[in-house]
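Working notes, structure below.
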Amino acid sequence: MKKVKGLQSWIEGYRKVASLCEELELAYEYSKEELVTEAEVDAAYATALKAVEDLELRNMLREEADQMDCVLKINSGAGGTESQDWAQMLMRMYMRWAEAHGYKVRVSNLQEGDEAGIKTVTMEIEGDSAYGYLKGENGVHRLVRVSPYNAQGKRMTSFASVFVTPLVDDTIEVQINPALISWDLFRSGGAGGQNVNKVESGVRLRYQYTDPYTGEHEEILIENTETRDQPKNKENALRLLRSILYDKEMQHRLAEKAKIEAGKKKIEWGSQIRSYVFDDRRVKDHRTNYQTSDVGGVMDGKIDAFIKAYLMEFGGKSGE
């Protein structure tokens, strides 16, 4: 049923574009006879163009994982309060973006900063092609501003890293070795009633992972304090582990494909991708060179233009 629904949406999208293009042709013909004004032709053109571009954008989400929900994690960089405040601003930006698109957001782990902001947050974003749209946000985000936390009013640079992985569901098979899992229990911090600090409902999952392709070993660490129910938090942590392992396999496949298709432009995951310069009123993406002066709008979640520019340049290339 999910596959049928997906095909149906493509058919409806095509029919909409075809219909709007026919209306534009008619409007153009009628304008010659002065039955339709030039402004009405322009409006019909703008509507048809937007429909075509929207369908093209959807066509950039070809990979299996693109259709999935996603896990978005933000870590503050070095710099203490300033970078922790920046991490919280990014969290708000993505929450506002998700809210504007009718997506559901669940915070599975949040560690507040020492004075302000946050050290780290893990959010699950559920909605149509959430991973496909947000995968290009993966990387380091740089803020330049006059810091409100600096007494001399100096211009400061802060960094925060964003990690986006697909949230896998039961239809994706991921092998997890239970013998490699260990659990720590801890008391959840923060406000929320007497039970929060007395019961060890927070869980910390440690998974001893060995890369099957390189033999490199690493410890995957996941914390979950989403609910006061310890078994539920364990279940959520395991779901996040499945997502991370799936993403590792997917990144390996993309890397192998990139070696074969050496002529294609390489996308460096984890590198600095975007700068937000507040006093110059400029936000610039270093991969696509798209930029805007609407800093306030961007921080309110209006990042669709950045997402579109990234997908139109890179989105469909891995599936060619």
**Study point:** Residue order, fewest to most beta carbons within 10 Å, for 5, 119
**Key:** 5, 119
Review point. Picking from 285, 66, 229, which is most flexible by a Gaussian network model of the chain using Cα springs under 10 Å?
Key: 229
Exercise for review: With just the Cα atoms of the stretch 1-127, tell me how far they stretch along each of the three principal axes, in Å, largest first.
Suggested key: 70, 38, 20
Revision key, fill the gap. Neighbours of residue 43 by Cβ distance under 12 Å: Lys/Arg at +1, Asp/Glu at -1, summed charge -3
Point to revise | the stretch 2-59: relative contact order as a whole-number percent, Cα under 8 Å and 6+ apart | key: 37
**Study point:** Listed pairs 73/104; 284/308; 135/308; 50/104; 3/135 exceeding 20 Å between Cα atoms
**Key:** 50/104; 3/135
Check your understanding: Got a sec to turn the phi values of the stretch 142-158 into Karplus ³J(HN,Hα) couplings, 6.51 cos²θ - 1.76 cosθ + 1.60 with θ = phi - 60°, whole Hz, x for Gly and Pro?
Key -> 10, 10, 10, 7, 7, 6, x, 9, 10, 5, 7, x, 7, 6, 10, 10, 10
Exercise for review: With a Förster radius of 51 Å, plug the Cβ-Cβ distance of residue 176 and residue 32 into 1/(1 + (r/R0)^6) and report the FRET value to the nearest 0.05.
Suggested key: 0.15
Check your understanding: Angle between the Cα long axis of helix 230-260 and the longest principal axis of the chain, 0 to 90 degrees, nearest 10?
Key -> 60
**Study point:** Sequence-separation-based contact order of the chain, relative, with Cα cut under 8 Å and 6+ spacing, percent
**Key:** 18
Point to revise | In sequence order, calculated HN-Hα J values of the stretch 37-51 (Karplus, 6.51, -1.76, 1.60; Hz; x Gly/Pro) | key: 7, 5, 5, 5, 5, 4, 5, 5, 5, 4, 5, 5, 4, 4, 5
Point to revise | With 10 Å bins from 0: P(r) over the chain, alpha-carbon pairs, percent | key: 5, 21, 29, 24, 13, 5, 2, 0
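If you stretched the chain out fully between residue 99 and residue 304, how much longer would it get, using 0.36 nm times the residue separation minus the C-alpha to C-alpha distance?
Full extension from residue 99 to residue 304 adds 72.5 nm.
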Review point. Once the Cα atoms of the stretch 104-143 are picked out, what are the Rg and Dmax in Å?
Key: 12.5, 36
**Study point:** the stretch 2-59: Cα Rg divided by the 2.2 N^0.38 Å rule of thumb
**Key:** 1.36
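No lab work stands behind these numbers, since they all come straight from the coordinates. Note that the coordinates shown come from a computational prediction; the quantities given were computed from them, not determined experimentally. Every residue, glycine as well, gets a Cβ built from its backbone with ideal geometry; the counts of neighbours run over all protein chains shown.
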